[in-house]
Amino acid sequence: MKKSSKWTTKMLVTAAICMAMSYLLSFVRLWTMPMGGSITAVSMLPLMLFAWIYGVVPGMTAGCAFGLLQLIQDPQIYHWIQVLFDYPVAFAMLGLAGCFRKHKDAAWALPAGVVLACFGRFLCHFFTGVVYFGEYAPTQTFWGIIGYSAGYNGGYMAVEAAMSAVVCMLPPVQKMIARLEKV
């Protein structure tokens, strides 16, 4: 797919469809964490595939818009900076899935992009966990707060990353990506 700095109608429609699919999949929660966060049925994958096909910047833009939808779906608001990092910035990180696009023929490229995107989202939640939710840590020491945030947010994000990386390698998903890249 040729890189373009301008959004085409096809890109807008594809982004909207991927956002809608991600939004619907986000309601299929396999596990919900007590203070926010959940394991879903690979709800981030459609947006990460959009980033893979169209690039990092369009992917981050669509992810940011999706983050605002997530804010509407299930808001947990404590501070405006926390809202920024837990919603639009965190989901914008899904655009990082397109980082290894130039290696698209390598079997590792797409799963690595998916894991990188999930790690970017994890870092945003980790930051807010340390700054805004550290009071819930079992010990109020610096390392106790760091460990608490890493464990809490890393637990559900690692499962999401693993599931998304596996699903993106399935032959039907690979065929769908190949078809979308040709159109």
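The values are calculated or read from the model by the stated rules, or taken from the named source; none is laboratory data. This one's a predicted model, so the numbers in the text were calculated from it and none came from an experiment. No Cβ is skipped: glycine too gets one built from the backbone with ideal geometry, and neighbour counts run over all protein chains shown. Areas reflect the complete protein model, heavy atoms only, side chains present, ligands, DNA and RNA absent. Shrake-Rupley method; radii C 1.70, N 1.55, O 1.52, S 1.80 Å.
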### Query
If we keep just the residues of the range 94-142 that are closer than 18 Å to residue 76 by Cβ and within 9 Å of the chain's Cα centre (by Cα), which is surrounded by the fewest Cβ atoms within 10 Å (Cβ to Cβ)?
122
### Query
Any residue in the range 87-101 that is in a helix (DSSP H, G or I), free of Cβ contacts under 8 Å to residues at least 12 places away in the same chain and not aromatic (Phe, Trp, Tyr)?
no
### Message
Quick check on the range 143-183: of everything there that is surrounded by 11 or more Cβ atoms within 10 Å (Cβ to Cβ) and of a type in the set (D, E, K, R), which residue is farthest from residue 18 (Cα to Cα)?
### Response
160
## Note on the structure
Filter the range 65-86 for residues that are open to solvent by less than 50 Å² (accessible area, probe 1.4 Å) and in contact with a helix residue (DSSP H, G or I) (Cβ under 6 Å, 6 or more places away or on another chain); the one that is nearest to residue 174 (Cα to Cα) is 66
### Task
Can you tell me which residue within the range 33-63, out of those that are assigned to a loop (DSSP other than H, G, I, E, B) and of a type in the set (A, V, I, L, M, F, W, C), is least open to solvent (accessible area, probe 1.4 Å)?
44
